[in-house]
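**Student:** Here you go, one structure.
The values are calculated or read from the model by the stated rules, or taken from the named source; none is laboratory data. What you see is a predicted model, and the numbers here were worked out from it, not measured in a lab. Heads up, the Cβs are rebuilt from the backbone with ideal geometry, glycines too, and the neighbour counts pull from every protein chain shown.
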Amino acid sequence: MLYYLNGLFVGFLILANVLAVKVFSIGEWMILPAAAILIIFTYPLIDVICEVYGREAGSRTVRTGLMAQVFAACFIAIAIELPPAQAFAHQKEFEIILGGSMRVIIASLVAYTVSVNLDVMIFSKFKEKHGNGKLWLRNNASTMASQLIDTALFITIAFYGVMPFKVLLTLFITQYLFKFLASIVATPLVYGLVYVARKFDKRKSIEPSHY
């Protein structure tokens, strides 16, 4: 089951980088990147991996996700620079959607690396203290803390000096509020995936320590 969870996590990360180009609004006061809809799934997946397979498995997944994002950014940059065929009339649109600025790319990679490693560390510390009990506590505590850091780092690195401070502050508050609520909503999903992963591996006679 670990391989499926890893695949989903990495796939969601790459997809989030593409979806982040679009911004949507909830009412008149909350503006979010479309990638926010994947937050409900990515961080819970890391918590499920840590819960079932341990901290080292979670750390390996984080490293795999980072490498995948770096490779994706490199291949996208190469694809943009390839000379377009005469039949391809959407080179500018292609660049706008997939290109992004180097500052935003760096912000995304730094925020991801710091926040997800923090998530793994906090989750694992809580698990050492509580064992298999209080999954809801370590899931929400680790995700809420790491998302706070993720949001602060990304917005600061990507937009500081480009947008007015009040706009940055509003962006930070609305994004973190969404992620905070998403973490709570995703709690039943974490319980469900932990149950499925353990049942799947038990049926396949696979011990978590074998990964």
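**Student:** Taking only the range 1-17 into account, find how many residues are at pLDDT below 85 and surrounded by fewer than 18 Cβ atoms within 10 Å (Cβ to Cβ).
**Tutor:** 0
**Student:** Quick one: what pairs do we get from the range 44-62, first residue at positive phi, second surrounded by fewer than 20 Cβ atoms within 10 Å (Cβ to Cβ) and not acidic (Asp, Glu), C-beta under 7 Å, 6+ apart or different chains?
**Tutor:** Short answer, once both residue conditions are applied: GLY54/PRO208.
**Student:** Within the range 78-117, which residues are of a type in the set (Ser, Thr, Tyr) and surrounded by 14 or more Cβ atoms within 10 Å (Cβ to Cβ)?
**Tutor:** Listed by number, the residues that qualify are SER108, TYR112, THR113, SER115.
**Student:** Enumerate the helices (runs of 4 or more DSSP H) found wholly within the range 1-88, keeping only those where 2 or more residues are among the basic types (Lys, Arg).
**Tutor:** Working: elements: 2-19, 39-53, 55-81.
In the range 1-88, 55-81 are the helices (runs of 4 or more DSSP H) which contain 2 or more residues that are among the basic types (Lys, Arg).
**Student:** Turning to a different aspect of this structure: Applying the selection to the range 67-77, what residues are surrounded by 13 or more Cβ atoms within 10 Å (Cβ to Cβ) and touching a residue at least 24 places away in the same chain (Cβ under 8 Å)? Don't jump to the end; show me each part of the working.
**Tutor:** Within the range 67-77, the subset surrounded by 13 or more Cβ atoms within 10 Å (Cβ to Cβ) is 68-69, 72-73, 76-77.
Listed by number, the residues that qualify are ALA68, GLN69, ALA72, ALA73.
**Student:** Further question: Going through GLY65, GLY54 one at a time, which residue ends up being under 30 Å from PHE126 (Cα atoms), under 16 Å from the mean Cα position of the chain (by Cα) and not β-branched (Val, Ile, Thr)?
**Tutor:** On the way: GLY54 fails: under 16 Å from the mean Cα position of the chain (by Cα).
Of the residues listed, the single one that is under 30 Å from PHE126 (Cα atoms), under 16 Å from the mean Cα position of the chain (by Cα) and not β-branched (Val, Ile, Thr) is GLY65.
**Student:** Could you say which residue among ILE96, ILE106 is more than 19 Å from the chain's Cα centre (by Cα) and in contact (Cβ under 8 Å) with a residue 12 or more places away in the chain? Break it down stepwise before answering.
**Tutor:** Working: ILE106 fails: more than 19 Å from the chain's Cα centre (by Cα).
When all the criteria are applied, what remains is ILE96.
**Student:** Of the residues ASP201, ASP150, only one is within 14 Å of the chain's Cα centre (by Cα), assigned to a helix (DSSP H, G or I) and of a type in the set (Asp, Glu); which? Give the steps one after another, and end with the answer.
**Tutor:** Working: ASP201 fails: within 14 Å of the chain's Cα centre (by Cα).
Going through ASP201, ASP150 in turn, the sole match is ASP150.
**Student:** From the residues in the range 181-203 that are of a type outside the set (A, V, I, L, M, F, W, C), touching a residue at least 40 places away in the same chain (Cβ under 8 Å) and over 16 Å from ARG138 (Cα atoms), which one is surrounded by the fewest Cβ atoms within 10 Å (Cβ to Cβ)? Break it down into steps so the answer makes sense when it comes.
**Tutor:** Filtering the range 181-203 down to residues of a type outside the set (A, V, I, L, M, F, W, C) leaves 183, 187-188, 191-192, 195, 198-199, 201-203.
Checking which are touching a residue at least 40 places away in the same chain (Cβ under 8 Å) leaves us with 183, 187, 191, 198, 201.
Next, only the ones that are over 16 Å from ARG138 (Cα atoms) stay: 198, 201.
Working: ARG198: 14, ASP201: 18.
For the range 181-203, the residue satisfying everything is ARG198.
**Student:** Which condition number does LEU171 fail, the rest of (1) crowded, with 16+ Cβ neighbours inside 10 Å; (2) over 26 Å from PRO33 (Cα atoms); (3) modelled with pLDDT under 90 being met?
**Tutor:** Result: LEU171 fails condition (2) only.
**Student:** What number goes with the only condition from (1) farther than 16 Å from LEU32 by Cβ; (2) within 22 Å of the chain's Cα centre (by Cα); (3) surrounded by 14 or more Cβ atoms within 10 Å (Cβ to Cβ) that PHE178 does not pass?
**Tutor:** In the conditions (1) farther than 16 Å from LEU32 by Cβ; (2) within 22 Å of the chain's Cα centre (by Cα); (3) surrounded by 14 or more Cβ atoms within 10 Å (Cβ to Cβ), PHE178 misses (1) alone.
**Student:** Quick one: is THR151 buried (at least 16 other Cβ atoms within 10 Å of the Cβ), in contact with a strand residue (DSSP E or B) (Cβ under 7 Å, 6 or more places away or on another chain), touching a residue at least 12 places away in the same chain (Cβ under 8 Å) and among the polar types (S, T, N, Q)?
**Tutor:** Working: buried (at least 16 other Cβ atoms within 10 Å of the Cβ): yes; in contact with a strand residue (DSSP E or B) (Cβ under 7 Å, 6 or more places away or on another chain): no; touching a residue at least 12 places away in the same chain (Cβ under 8 Å): yes; among the polar types (S, T, N, Q): yes.
Criteria not met by THR151.
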